[in-house]
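Every number in this text was worked out from the coordinates using simple rules, so none of it is lab data. Owing to the predicted nature of the structure, the values given are computational and were not obtained by experimental measurement. Glycine also receives a Cβ, built like all others from the backbone with ideal geometry; neighbour counts cover every protein chain displayed.
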Amino acid sequence: MRTVNAKEVVDPLADMIKNASYRLGGDMLEAFDLALRKESSEAGKEVIRQLQENARIAREECVPYCQDTGFAVIFAEMGQDLHVEGNLTDAINEGVRKAYTEGYLRKSILNDPIQRKNTGDNTPSVIHYSIVPGDKLKLSFGAKGGGSENMSKQAMLKPADGLEGVKKFVVETVSTGAVNACPPLVVGVGIGGTFEMSCILSKKAAMRSPGSSNPDPFYADLEKELAESCNKLGVGPMGLGGNVTVLGVNIETYPCHLVALPVAVNINCHADRHGEIVL
Amino acid sequence: MAEYKLTTPLVDEDVDKLRIGDRVMLSGVIYTARDAAHKRMVEGLDKGTPLPFDIKGTLVYYVGPSPTKPGNVIGSAGPTTAYRMDPFAPRLMEIGMKGMIAKGKRSDEVKAAMQKHKVVYLGATGGAAALIAKCIKKCDIIAYEDLGPEAVRRLEVEDMPLIVVSDCHGGDLYVEGRAQYEVK
């Protein structure tokens, strides 16, 4: 049994969050390069060039790539042979607080959905814990912007709707929501599990790199097919018309009940800021 | 598609010539307001309280910037999604606002009011927040400081890169641009 103190996560987590907010990952920059080659509309190309220039300025000047520095979403994978001394949830929130306060990141979190008072430090974060083999602690972070999150959807399809029903739901969600969600998008799709599990899967999928593939060849092919279908919609970069509406569609799945076919679509904008630390 | 350099305040003739897809490099004074500020401004107008700034000929930018780093004019400052301001925008057009800067679709009511009052809706690139901040040369909070990122700011901008998304003739680039590239 390995032991770590919860406080050990604070500084590395804060540094990673600041870094992710200022420096868009190499995976996203590669996706922009590909998008620029593929896009045929002049307005669309101009948008992609602005995004590249924006990424350069943010990186060089250590300022946020986007002013909406998001809800801090964290997937915490905890090795079952690791013992954490102290309160891990508090430590994670302390890391978030430190990053958003010291890093000049925007505080966008309200204390209550109805009473709506800003908590002032972007906490609490949304944390999804899971227990995994080993003695390490892995924290995967995503800065989830509010505008694109608002365009996300979930449906409990009928089993008879099948694969075609899933494809239709994904493409329709992108078709109606893309223009308000800062395209080109990274689309996370969760299929299966229960109602809430499909949503968590879609979030995991949205945090994967747009160039990555599901390890199952069936779903890897479906990811490509759905990306092509979305790009035929014509929405284009920032909705100005064009053939790059999505940078990628990522799918995560789980077994499901015999009467159910849950599917969730979590929309992420081009500011797909993510990172991870391992303790 | 034409390219225009415009300086605020705008008059009807400036807005009238703009068509969807035109590029605009905007300079001059604009004001920021988003959800909570719009609600407060329009509720104030209904009670007879004047706006905290002179809206005639000006443009309102829907933005909630990130905090300003020491030495900078403003934090990252990209546009927010516009539809949440749709219920308030026509009221501001009635009293002289000439343009809105944001991203995302507008309602039919907003587009109709734009035609009636000769108002333009200019799109800024969502998320290009560090780039846009470079065009902002001066920033002062002038009202509703308690709203934090949503406080009303007076901005002086220079060559802010924008595109005409909805013009005062009923054109909507989100509809027409998409139709041009959609593969059925």
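For the reader, a short list of remarks on this structure follows.
- Each label was represented as a point 7 Å from its Cα along the Cα-to-Cβ direction; for A:Arg37 and A:Ser130 these points are 3.3 nm apart.
- Translational D in µm²/s for the stretch B:95-184 (Stokes-Einstein at 20 °C, 1.002 mPa s, Kirkwood Rh from C-alpha pairs): 142
- Nearby aspartates and glutamates by direct alpha-carbon distance to B:Lys134 (threshold 15 angstrom, same-chain neighbours under 8 apart not counted): A:Glu53, A:Glu60, A:Glu61, B:Glu156, B:Glu158, B:Asp159
- Under 14 Å from the Cα of B:Lys184 - aspartates and glutamates, other chains or at least 8 residues apart: A:Glu172, A:Glu228
- Taken about its Cα centre, the protein assembly as shown carries a charge dipole of roughly 540 debye when the Cβ of each Lys and Arg holds +1 and the Cβ of each Asp and Glu holds -1.
- Values of log10 I(q)/I(0), in the order q = 0.24 Å⁻¹, for the stretch A:1-80 under a Debye, Cα-only, solvent-free model: -1.16
- Think of each Lys and Arg Cβ as +1 and each Asp and Glu Cβ as -1; about the Cα centre, that makes the dipole of the stretch A:7-102 roughly 340 debye.
- Panel values: the stretch A:178-234, Kirkwood radius from alpha carbon pairs, Stokes-Einstein at 37 °C and 0.692 mPa s, translational diffusion coefficient 268 µm²/s.
- Here the stretch B:1-101 is treated as a sphere whose radius is the Kirkwood value from Cα pairs; by Stokes-Einstein at 4 °C and 1.567 mPa s it diffuses with a coefficient of 87 µm²/s.
- In this rough spin-label picture, where each label sits 7 Å from Cα along the Cβ direction, the B:Glu94-A:Leu163 distance is 5.6 nm.
- Pairwise alpha-carbon distances in the stretch A:116-205 exceed 21 Å for 45% of all pairs.
- Cα Rg over Rh - the protein assembly as shown, Kirkwood: 0.98
- Note on the stretch A:1-154: the alpha carbon radius of gyration divided by the globular reference 2.2 N^0.38 Å gives 1.20.
- Remark: the A:Asn87-A:Lys7 segment gains 28.0 nm on full extension, using 0.36 nm per residue and subtracting the alpha carbon distance.
- Rounded to 5, the percent of DSSP beta bridges in the stretch B:3-181 classed as antiparallel: 55
- Counting neighbouring Cβ atoms within 10 Å and putting the fewest first, the residues B:Ile142, B:Ile30 line up as B:Ile142, B:Ile30.
- For the protein assembly as shown, the residue among A:Phe195, B:Met97, A:Gly236 whose Cα projects farthest onto the positive side of the dipole built from Cβ charges is B:Met97.
- Compactness of chain B as Cα Rg over 2.2 N^0.38 Å, two decimals: 0.98
- Cα-based convex hull volume of the stretch A:147-272 per residue, rounded to whole Å³: 84
- 22 Å Cα-Cα threshold exceeded, pairs from A:Lys38/A:Lys232; A:Lys98/A:Lys144; A:Lys38/B:Lys111: A:Lys38/B:Lys111
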